[in-house]
Each structure stands twice: as structure tokens, then as C-alpha cells.
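Step one of this worksheet: look at the structure below.
The values are calculated or read from the model by the stated rules, or taken from the named source; none is laboratory data. In this text the structure is predicted, and so the values were computed from the model without any measurement. With ideal geometry, Cβ positions are generated from the backbone for all residues, glycine too; neighbour counts draw on all protein chains shown. Ligands, DNA and RNA are stripped out before the accessible areas are found, and what is left, the full protein with its side chains, is counted by its heavy atoms. Shrake-Rupley method; radii C 1.70, N 1.55, O 1.52, S 1.80 Å.
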Amino acid sequence: MSVLLIFPGRDPKVWVNAIKKEQPNVKLYVYPEEHNPQEITYAVTWKHPKGMFNKYSNLEVIASIGAGVDHIICDPEIPKNALITRIIDEQLTKDMSTFVLALVLDKIRNISLHHSEKIWDPQAYHTVDEENIGIMGLGVLGKSAALTLSKNGFKVSGWSKTQKQIDGVSTYHGERGLNDFLKNTSILICLLPLTSVTENILNKELFEKLPKGAYLINIARGEHLVEHDLLEMLDTGQLSGASLDVFRTEPLPEEHPFWKHPKVHISPHIASVTDPKKVAHQLMENYMRLRNNEPLRNVVDLKNEY
Ligand code: NDP
């Protein structure tokens, strides 16, 4: 019952140290170092090479080191019986909420605008109670962001698949609720998981249902956004701007039009980053649960894809 860490292109040292500190006796391999695939029951991964799990016939769990599991389930060759788990972490959640708050305040108070445009002329700003923030996705991260914004005086609404009740937040759900959710939203925030249903959901048809001049914040996944639709909507003025933290291709290629677009604000997928020291405990708790035949925590429902 060994553990395999798979983080192509990343330094695995911090993960090895954090896991060893938590569970000194665990037998741990770091891909692609030499190991016997039959020995591995528990894989901890971020963007594993697709198809690699074919050789791991005793694999029981594939644990994502992030909140999302799209990077795992996009591999059609993951073992049918393996459980997929994800991270739910207080720090990760807080970091996402404060990042969202920072982006929204930056937008309405023109904080970076004066510098990026090199203008001293103070631009009129919006106050918090003038904005209607709409959050797509009211899961762990979306709900926390909604509550943070609401506590800071924003009018907040949210949209999810199933019905929700959140104090201080107007909630909508399902396809039927989408139009009503969008029609008053001045700042749209995407915190949906990437699934076959939500892929390309941020498209022209959806943007046209927002009030003219609405602003987009995408901090979920690049594949939610139809990039050329965003560019068109910025050109027509239907959208006044966008803050993007995630992209179809990461790192965002140097020649990508978003880099030079005056209405696009870019950050390099930093909205919330998993801290190995904070999550090693839950990864090893699940490993011990697996060993002891106990139910695992934070298991993803593969039917939902999230
Ligand atoms: P959750 O699984 O907790 O929540 C997902 C939410 O989306 C739920 O409210 C769910 O509805 C809703 N949803 C899913 N599908 C649909 C649909 N078809 N229509 C309407 N609503 C839908 O996810 P988290 O909040 O933990 O994370 C969200 C995403 O954030 C992650 O998947 C990841 O991609 C991204 N992320 C980005 C980071 C960054 O640094 N940029 C960092 C961490 C995460 P319901 O509640 O009804 O099921």
C-alpha cells in the first residue's frame, strides 16, 4: 500500500516533506522515479500524464491536491473503480474569498486603472452598494465568496445547480433561474467546476443577458470562457472589462491578445493556491482511512463530474 506523488513540472520537495511530517512511515514514491505500479494504491496528483494509470491495477484512490478534479477526470483511462478525492481547506477557501474581494474592489474603485493608464485625473468610482455581484457556483468557494462580499456591503446573488438558501444572498438555480440571475448582475464571477455542462458557459449568448457594461471575473477554469466571445463583447461595450486568473493554455502565451488588451486584467492562476503544509493532514487521513477500510472524506461524485 504505497503512495505515488505525481506533479509533472513542479518541485515535489515541499509535498514530500509535508507528507512525511504527517505520516513518517508511509512508503512514498515521486513519479517518474522507479517503482512497482502494482504496489501503488493511493495517488496524489496535479495534472498527471494522461493514460498513465493503465499500469496501476491496484490503484484505489486518486487524490487531487486542488479543489477541482477536472484535471483527473478528463483522462478517459482512469481506473473505473478508483475513488477521486479533492481538497476542501479553510485557508484555500479564505484565500479565494479575499482574492475575489480584492478584484471587485480594484474594479469599482479603479485602484490599478490610474497607474496602468498613466492618468492622474481621478476617475469616478462606484460604491459597494451600487454593484450587484452575481456568483456562478455556490459550493465551498462560491458560498464563502458570496458571504465575504455580502458582509462588505455588496448586493450579492448566486446561481447553482440545486436550490440554496444563504443568509444575505439572493439565490437562483438551474437553467430556469439563469436569466433572472443574470439580468441584474453588474459583476459576474465564475466559481463553477469545469464539467461537460459548464465548459464554454461564459459565451456571447450568456454575456448578452447581462446589463450593458457588466464586468466579468473568471477564477474557475479557462475552459469556461469562449475567448473570442469575450473579445467581441469588450469591443461592443456589452462588457466593460474582465479579470481573468485562469486560461485555456497556461502559462498564457506571450502573443495572446489578452496580454495587451486594455480592458483585460490578468493574474497567473493565483486566486487560491493549495498549501502542502495545510492539506497534508487530510491527504494522509484519507490514506489511513483507506488502509483501515473506512469511508474517505471529500470524495467526488463522478456522475456530477465535480
Ligand atoms: P464545489 O464543488 O464545492 O461547488 C461547485 C458549485 O457549482 C456548486 O454550487 C454546484 O451546484 C455548482 N454547479 C456545478 N455545475 C453546475 C451547473 N451545471 N449549473 C449550475 N451550477 C453548477 O466547488 P468549489 O467551490 O470547491 O470549487 C469551484 C472551482 O473553483 C473548482 O472546481 C476549481 O476549478 C476552481 N478553483 C480555482 C482556483 C484558482 O486559483 N483560480 C483555486 C481553487 C479552485 P450545487 O451546489 O447545486 O451542486
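Observations
- Principal-axis tilt of helix 276-291 within the chain, Cα atoms, nearest 10 degrees: 50
- Solvent-accessible surface of protein heavy atoms, probed at 1.4 angstrom with all chains present, puts LEU113, LEU296, LEU283 in the order LEU113, LEU296, LEU283, largest first.
- Shown here for the range 27-132: chymotrypsin sites (Phe, Trp or Tyr not before Pro) in loop regions (DSSP other than H, G, I, E, B) with at most 15 other Cβ atoms within 10 Å, namely TRP120, TYR125.
- The listed residues ARG176, ARG248, ARG86, ARG10 rank as ARG176, ARG10, ARG248, ARG86 when sorted by accessible area, largest first, using a 1.4 Å probe.
- Compared with the dominant Cα axis of the chain, that is its longest principal axis, helix 13-22 is turned about 60°.
- Over the range 19-97: Kirkwood hydrodynamic radius from C-alpha pairwise inverse distances, Å: 13.8
- Only Lys, Arg (+1) and Asp, Glu (-1) charged, at Cβ; the chain dipole about Cα centre in debye: 680
- Sorting ASP275, ASP75, ASP129 by solvent-accessible area of protein heavy atoms yields ASP129, ASP275, ASP75, largest first, with a 1.4 Å probe.
- The range 177-306: proportion of alpha-carbon pairs further apart than 24 angstrom, %: 41
- Difference of contour (0.36 nm per residue) and Cα-Cα distance, ARG176 to THR249: 23.1 nm
- Simple spin-label estimate for GLU77 and HIS126 in nanometres, 7 Å along Cα-Cβ: 4.8
- Grouping the Cα pair distances of the chain into 10 Å bins from zero gives a pair-distance distribution of 6, 26, 31, 22, 12, 3, 0 percent in increasing distance order.
- Helix-derived mean residue ellipticity, 222 nm - over the chain, DSSP H n ≥ 4, -39500 (n - 2.57), to 500: -9000 deg cm²/dmol
- With the biggest extent put first, the Cα atoms of the range 91-266 measure 44, 34, 34 Å across the principal axes.
- In loop segments of the range 210-302 as defined by DSSP, the GluC sites (Glu not before Pro) with at most 14 further C-beta atoms inside 10 Å of their C-beta are GLU254, GLU255.
- For the range 40-109, the set of GluC sites (Glu not before Pro) satisfying both a DSSP loop assignment and a count of at most 11 other C-beta atoms within 10 Å is given as GLU77.
- The range 75-136 versus the range 138-163: alpha-carbon centroid distance in Å: 12
- Backbone N under 19 Å from the LEU101 label point (7 Å along Cα→Cβ), restricted to the range 179-197: 187-191
- Taking the longest Cα principal axis of the chain as reference, the axis of helix 227-236 is set at about 10 degrees.
- When the Gaussian network model of the chain links Cα atoms closer than 10 Å, the mean-square fluctuations of GLN165, GLN23, GLN238 top out at GLN165.
- For VAL140, the accessible surface of its heavy atoms amounts to roughly 60 Å² (probe 1.4 Å, protein chains only, rounded to the nearest 10).
- Cα-based values for the range 165-217, radius of gyration first and Dmax second, are 11.5, 31 Å.
- Once the C-beta distance of GLU208 and ASP275 is scaled by a Förster radius of 51 Å, the resulting FRET efficiency is 0.80 to the nearest 0.05.
- Percentage relative contact order, the range 214-267, counting C-alpha pairs under 8 Å, at least six apart: 41
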